[in-house]
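Q: Here's a structure for you.
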2 protein chains.
Amino acid sequence: MLPKQVTIKYIAEKANVSIATVSNVINGKGRVSEKTAERVRSVIQQYRYQGNIAAKNLRTKKSYLFGVVVSVTQPERRLKDNPFYWELISGVEAEASDYEFAIALKGIDSAEELSAFITQRDLDGVIIVGAEEDSSFVKVAEEANIPAVYIDSYFEDVNLYQVRNEDEKGAASAAKHLLDLGHRKIALLSGKLTRNSVNYFRWQGCKKELSAFNCYDESLLIETDTSAEGGYHAADDIIGKFPEVTAVISFSDITALGLYKRLDEKGYDIPRDLSITGFDGVYFTNYMIPKLTTVKQDVSDKGVTAVNLLFAQIQNNAWPVENRRISLPVHLIDGNSTAPCKIL
Amino acid sequence: MLPKQVTIKYIAEKANVSIATVSNVINGKGRVSEKTAERVRSVIQQYRYQGNIAAKNLRTKKSYLFGVVVSVTQPERRLKDNPFYWELISGVEAEASDYEFAIALKGIDSAEELSAFITQRDLDGVIIVGAEEDSSFVKVAEEANIPAVYIDSYFEDVNLYQVRNEDEKGAASAAKHLLDLGHRKIALLSGKLTRNSVNYFRWQGCKKELSAFNCYDESLLIETDTSAEGGYHAADDIIGKFPEVTAVISFSDITALGLYKRLDEKGYDIPRDLSITGFDGVYFTNYMIPKLTTVKQDVSDKGVTAVNLLFAQIQNNAWPVENRRISLPVHLIDGNSTAPCKIL
DNA sequence: CTGAAAGCGCTTACAG
DNA sequence: CTGAAAGCGCTTACAG
């Protein structure tokens, strides 16, 4: 008959050793004779002993817990909806699991909330998704003196660990693709263009590429909400105000999804009347009709990389500053949503 | 200058009281004079004291942590991909946060892993998503004697707490909708039909409704993978083997997405050539062309309900057996993917 | 090689 | 009303 909880003390008694010895066997520390170790191991197995992390945590100040922080929408206080997040979390979870770390997912509203989360849970590290340049989150993480990794942020501070994509390059490749097809009047459909945001760099990539062909036109830059709704409404803008436009570079797939819908309602054919490219390469782009040409990123890998950056910080604090920003590659996936420009 | 960590002891010193008193003030227990309490509170505020949950946990055996368990795919060991999960988690997170609980997300592979997760982390409760009837997970949760809630399972054991949808009713309403439009040759496109699965009940709902109109035909029941891929391949089956079919009830939206694509490739028009209904009402159904008629569930509410069921168990173990299964309502959302049957 | 003891930061009877 | 002390389950010097 097992006790309500099998503790190290219980194991020690059954194995006729001290708890220190049991601890040493488990952690492979100190000198323990193989004979004793063997006995202890068998008792552990027999009683299916599982160490208590809270106790270990209290002693070692390690929680074996990473926090993943996502901002929440108001006023429903729901995690921001985004097709990426689940895939991202999936990468984080898989990688953290390999090291016996668990992940606590938290929607955060304010700097105070983040601070409480980190301190109370004794987090060993925190992954912060999509924080903006002037984010108070950064200060909180620094004050708490906890390993942190920022995903999809573009902070100038070189001390910060950041994981993102080659957004600029990816956007440029989408622009190049359309230019090669002969398009010259290209609208850019961006999410909110806050300074140093992902959208900002996608914009820069397009701007450079288009400028090289002398066809960058700032008036064709449309800012909307990064959502299907946003794309839906932007469609009216594009076809209404800019009939000369023959192609649209959408800075996210979800926006392109809305674009498709509104264009269909208006009787436009893609790509005959308008070529469209997306960004992100989420799963549904394969099933859009026509299949969306998009710049694909590996979201899950982003999560994996973030976790590795966390471990790098835990293991040594001397990670060279130059390597703290990792930009993961993206590549253009050819779909059927683009066609040669007819107005040549 | 703050110490590396502000502890209850530190606060006690600064406030000139014992740690017991500080603890009492924080937890509102014991008798403390308002004057003392006031002083303690101000010191707590001044030093921004945040209790250490690990210590509290060790003492009280409560972790203020709920586990959310999702099975993982092999061999990549990634959380199963499903458009719901993020929304589900969002509901869970929001509701748990309200009670100062955090959630640990874990991909699980085996019963052992689940057991270790529960025991080591001292979880206060666990939400298990999509476990099958003969799942070893149930035994583990029972042995660990921990509050558990199963989402989207159909266990016969009335002692288990379960949250799901009115799958049968929802499926029947989709069938009714098509019957009303005059369809009689209706194919059912199901995910894996394991006993007592969500798919199983959706199937039953359709079967009953169609049988009432004498048009249930078992040969038109197609089992496929619940994925866009699955729907894509099923399309060939339907149009190839069963040209008499005029409508398809897909047991998930994601499958309908694949169906759309293949039908488009084959030159079929929806709903002219084939009426289609989906199930779940995920966000992208609004943007499918034509908009998918689907049976919508409130996924986020499912998460909220699961958390409440967890708290019910924590607060009293006497929750009456009849109320342990909650079936949340679903309702048909009318889209443009169904039309009157032309063969009447 | 092994064990006794201190201590991590809390809560909870218990005594005063 | 307030505090001293025990104890939750561990790890870690330290002594033997």
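Q: Starting with the fewest neighbours, write out B:277, A:246 ranked by other beta-carbon atoms found within 10 Å of each beta-carbon. Could you put the intermediate results ahead of the total?
A: Working: B:277 30, A:246 23.
Ranking B:277, A:246 by Cβ neighbours within 10 Å, fewest first, gives A:246, B:277.
Q: Turning to a different aspect of this structure: Can you list residues from other chains, or at least 5 along the same chain, whose modelled amide H is less than 5 Å from the amide H of residue B:296?
A: Long-range HN contacts for residue B:296: B:280, B:331, B:332, B:333.
Q: Right, something else. Working from Cα positions, state the angle (0 to 90°, nearest 10) between the long axis of helix B:299-315 and the longest principal axis of chain B.
A: 40
Q: Okay, next question. Kindly rank A:264-274, B:306-316 from highest to lowest mean number of other beta carbons found within 10 Å of each residue.
A: Top of the packing list down: B:306-316, A:264-274.
Q: Within a 10 angstrom radius of each residue's Cβ in B:84-95, how many Cβ atoms of other chains show up on average? Whole number is fine. Kindly include the intermediate steps, with their values, before the conclusion.
A: Values: counts 1, 4, 12, 4, 1, 6, 12, 2, 2, 9, 6, 1.
Mean number of neighbouring Cβ atoms from other chains: 5.
Q: To continue, here is another question. Which of B:59, B:324, B:48 ends up with the largest GNM mean-square fluctuation for chain B, with Cα atoms connected below 10 Å?
A: Maximum fluctuation in the GNM of chain B, among the listed residues, is at B:48.
Q: Let me ask something additional. About the Cα centre, and with charges only on the beta carbon of Lys, Arg (+1) and Asp, Glu (-1), how big is the dipole of the stretch A:167-298? Nearest 20 debye, please.
A: Working: 16 positive and 19 negative charges, 54 e Å.
Its charge dipole is roughly 260 debye.
Q: Let me know the mean shielding of A:282-290 by other chains, meaning the per-residue number of their Cβ atoms within 10 Å of its Cβ. Provide the component values of the computation, followed by the final result.
A: Values: counts 1, 6, 8, 0, 6, 15, 7, 7, 2.
Counting other chains' Cβ atoms within 10 Å and averaging over A:282-290 gives 6.
Q: Exceeding 23 Å between C-alpha atoms, which entries from my cross-link table qualify? They are A:302/B:261; A:169/B:80; A:61/A:106. Provide the component values of the computation, followed by the final result.
A: Details: A:302/B:261 29 Å; A:169/B:80 31 Å; A:61/A:106 21 Å.
Violating the 23 Å Cα-Cα cut-off are A:302/B:261; A:169/B:80.
Q: What gaps in nm, shortest first, separate residue A:329 from its twins in the other copies when you place the label 7 Å past Cα toward the beta carbon?
A: Ordered by increasing distance: 5.3 nm.
Q: Per residue of the stretch A:60-72, in order, report the coupling 6.51 cos²θ - 1.76 cosθ + 1.60 (Karplus, θ = phi - 60°) as ³J(HN,Hα) in whole Hz, putting x for Gly and Pro.
A: 9, 6, 10, 9, 6, 9, 9, x, 10, 10, 10, 6, 10
Q: What are the label-to-label distances in nm, one decimal and shortest first, from residue A:46 to the same spot in the other copies, with labels 7 Å along Cα to Cβ?
A: Spelled out, the distances from residue A:46's label point are 5.6 nm.
Q: Under 19 Å from a point 7 Å along the Cα-to-Cβ line of residue A:60: which residues of the stretch B:51-90 have their amide N that close?
A: Once the point is set 7 Å along Cα→Cβ of residue A:60, B:53-59 turn out to lie under 19 Å by backbone N, inside the stretch B:51-90.
Q: Let me ask another. By how many nm would the segment from residue A:193 to residue A:208 grow when fully extended, if each residue of separation counts as 0.36 nm and the alpha-carbon distance is taken off?
A: Numbers: separation 15, 0.36 × 15 = 5.40 nm, distance 1.65 nm.
The residue A:193-residue A:208 span can extend by a further 3.8 nm.
Q: If you plug each phi of the stretch A:239-254 into the Karplus form 6.51 cos²θ - 1.76 cosθ + 1.60 with θ = phi - 60°, what whole-Hz ³J(HN,Hα) values come out, in order, with x for Gly and Pro?
A: 6, x, 8, 10, x, 6, 5, 10, 8, 10, 9, 8, 7, 7, 5, 5
Q: Taking only DSSP H segments of four or more residues, each worth -39500 (n - 2.57), what value at 222 nm results for chain A once the sum is divided by all its residues, to the nearest 500 deg cm²/dmol? Working shown, then result.
A: On the way: 12 runs with 146 residues, N = 344.
Only helices count here, giving -13000 deg cm²/dmol.
Q: Work out the charge dipole of chain A with +1 on the Cβ of Lys and Arg and -1 on the Cβ of Asp and Glu about the Cα centre, then indicate which of A:172, A:131, A:43 is farthest towards its positive end.
A: A:43
Q: Work out how much length residue A:308 to residue A:9 would gain on full extension: take 0.36 nm times their residue separation and subtract the Cα-Cα distance, in nm to one decimal. Don't skip to the answer; put the middle values down first.
A: Details: separation 299, 0.36 × 299 = 107.64 nm, distance 3.50 nm.
Contour length minus the Cα-Cα distance gives 104.1 nm.
Q: Which residues in the stretch A:159-181 place their backbone N less than 13 Å from a point set 7 Å from the Cα of residue A:321 along the Cα-to-Cβ direction?
A: A:159-161
Q: Quick one: if you take sqrt(5λ) for each eigenvalue of the C-alpha gyration tensor of the protein assembly as shown, what semi-axes come out, biggest first, whole angstrom?
A: That gives 47, 35, 22 Å for the three semi-axes.
Q: Follow-up. Taking a point 7 Å out from Cα toward Cβ as the label site, list the nm distances between residue B:29 and the same residue in every other copy, smallest first.
A: Ordered by distance, the counterparts are at 3.1 nm.
Q: Please give the length that would be gained between residue A:157 and residue A:233 if that part of the chain were fully extended, namely 0.36 nm times their separation in residues minus their C-alpha to C-alpha distance (nm, one decimal).
A: On the way: separation 76, 0.36 × 76 = 27.36 nm, distance 3.63 nm.
Stretched out fully, the residue A:157 to residue A:233 stretch lengthens by 23.7 nm.
Q: Here's a follow-up. Averaged across A:101-108, how many Cβ atoms of other chains sit within 10 Å of each residue's Cβ atom?
A: Details: counts 0, 8, 5, 7, 10, 5, 6, 1.
For this peptide, the per-residue mean of nearby foreign Cβ atoms is 5.
Q: Same structure again: Let me spell out the model: positive unit charges on the Cβ of Lys and Arg, negative unit charges on the Cβ of Asp and Glu, origin at the Cα centre of chain A. What dipole size does that give, in debye rounded to 20?
A: It comes to approximately 1600 debye.
Q: Using r as the Cβ-Cβ distance of residue A:241 and residue B:185, and R0 as 45 Å, what FRET efficiency do you calculate, to the nearest 0.05?
A: Working: r = 48 Å, r/R0 = 1.06.
Efficiency for this residue pair is about 0.40.
The numbers here are math on the coordinates, done by the rules we state, and not lab data. Since the model is a prediction, treat every value here as computed from it, not as a measurement. Ideal geometry is used to build each Cβ from the backbone, glycine not excepted, and the neighbour counts take in all protein chains shown.
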